[in-house]
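Read the figures in this text as sums done on the coordinates, not as results from a lab. Treat the numbers as computed from the prediction; the structure is a model and nothing was measured. Using ideal geometry, Cβ is built from the backbone for each residue, glycine included, and neighbour counts are taken over all protein chains shown.
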């Protein structure tokens with residue numbers, strides 16, 4: 001996220017999305033390639049100071065902005081959300 005001049009400092013710059021480290025690249029300084037929870041690689045590379053380790057319990061839920069698509073498969077309803 002790019003900061004603008006005189007932006008509100010109390011708003012967080014972190015994404016709510018959780019990523020997984022795919023590769024640690026042997027660069028100086030060290031950089032990382034990330035992938036999202038569905039396994040899709042993220043195009044950018046990230047420095048160590050740009051990533052933060054988080055712990056997520058299995059019973060913890062994600063915030064859903066909206067439901068994009070709904071389908072029924074084997075009697076179960078599946079949602080595509082953003």
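Tabulated values for the structure
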| item | result |
| --- | --- |
| Scope the range 29-54; condition under 15 Å from residue 15 (Cα atoms) and not in a strand (DSSP E or B); matching residues | 37, 49, 50, 51, 52, 53, 54 |
| The range 38-81 - residue that is under 19 Å from residue 24 (Cβ atoms) and touching a residue at least 24 places away in the same chain (Cβ under 8 Å) and, of those, surrounded by the most Cβ atoms within 10 Å (Cβ to Cβ) | 51 |
| Flag if residue 53 is over 20 Å from residue 82 (Cβ atoms) and out of contact with any strand residue (DSSP E or B) (no Cβ under 6 Å at 6 or more places or on another chain) | yes |
